[in-house]
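Okay, structure first, notes after.
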Amino acid sequence: MADQIKIRAQIQGEITDIRVLMQHPMETGQRKDERGQTLPMHFIQAFTVSLNGKPLIDGQLNTSISKNPLFAFKARGVKPGDKLAVAWTDNLGDKRQDEITIA
């Protein structure tokens, strides 16, 4: 189904730019296939971003988010060697999780 989560973090002084690409079809339940059949809803419902096991972001999504959503945000206090983890769960119960070590 979906590929792994892609996480990028770039430290710039005290601020770290973090980008997260969550590869997922994000179907709204309103589109139709080539035979005119409605495609079922399939979207990420919840996601978390954590640093060294402590939550930075705890978010909820819905059907209005595009396919393969990309999120970008800034954080303070991130140091080389820290572990940044992202996890999501979709409305069908599928889950993905990935982690990087900040360079």
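Key figures for this structure:
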{"item": "Long-range amide H partners of residue 24 with built H, under 5 Å", "result": "68"}
{"item": "The chain - percent relative contact order, Cα under 8 Å, separation 6 or more", "result": "30"}
{"item": "Gain upon complete extension [residue 50, residue 67; 0.36 nm per residue less C-alpha separation]", "result": "3.8 nm"}
{"item": "Residue 6-residue 30 FRET efficiency (beta carbon distance; Förster radius 35 Å; 0.05 resolution)", "result": "0.80"}
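FYI, it's all coordinate maths here, none of it is from the lab. What you see is a predicted model, and the numbers here were worked out from it, not measured in a lab. All Cβ positions, even for glycine, are placed from backbone atoms using ideal geometry, and neighbour counts span all protein chains on display.
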